[in-house]
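Q: This is the structure, below, for whatever I ask next.
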Amino acid sequence: MRNKDGLLYLLDFGAVKQVAVGGGNNKKSTGVYSMGFAPPEQMSGSQVYPSTDIYALAVTCITLLTGKPAEDLYDSFNNRWTWHSFDPQISDRLT
């Protein structure tokens, strides 16, 4: 998120910390996430794993590489990511 001066800020971490301090179940999703960046198991409230954060990081990376919002990069009808179609000009190895 950007403030009125254009400075970037990370979001959602305060809410997660608040749930964690309150003694929440660390195996279940907190229900705090940004739409498009959370994996299906987190959105459904199921058990989460360390890979849950990797998923969110990957979505962040492809939104930065393509300049497109997450909802434009995922084809929910075919249940797959379609970010390659935006030609982000990256190497096959990085892909």
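Where a number appears in this text, it was derived from the coordinates with a stated rule and is not lab data. Bear in mind that the values here come from a model prediction, so they are computed numbers and not experimental data. When we count neighbours, we look across all protein chains shown, and the Cβ atoms used for this are built from the backbone with ideal geometry, even at glycine.
Q: Would you check which residues across segment 76-95 are assigned to a strand (DSSP E or B) and either among the hydroxyl-bearing types (Ser, Thr, Tyr) or surrounded by 12 or more Cβ atoms within 10 Å (Cβ to Cβ) (or both) and list them?
A: Selection gives TRP81 alone.
Q: Search segment 62-75 for residues that are at negative phi and pair each with any residue that is outside any helix (DSSP H, G or I) and of a type in the set (S, T, N, Q) when their beta-carbon atoms are under 9 Å apart and the residues are at least 6 apart or on different chains.
A: Filtered contacts from segment 62-75: LEU65/GLN89; ALA70/SER34; ASP72/THR82; LEU73/THR82; TYR74/THR82; ASP75/THR82.
Q: Only residues that are assigned to a helix (DSSP H, G or I) and surrounded by 14 or more Cβ atoms within 10 Å (Cβ to Cβ): list them for segment 44-59, please. It would help to see each step written out before you state the result.
A: To start, the set of residues in segment 44-59 that are assigned to a helix (DSSP H, G or I) comprises 51-59.
Across segment 44-59, the qualifying residues are THR52, TYR55, ALA56, ALA58, VAL59.
Q: Right, next: Across segment 67-95, what is the number of residues that are over 19 Å from the mean Cα position of the chain (by Cα) and among the small types (Gly, Ala, Ser)?
A: 2
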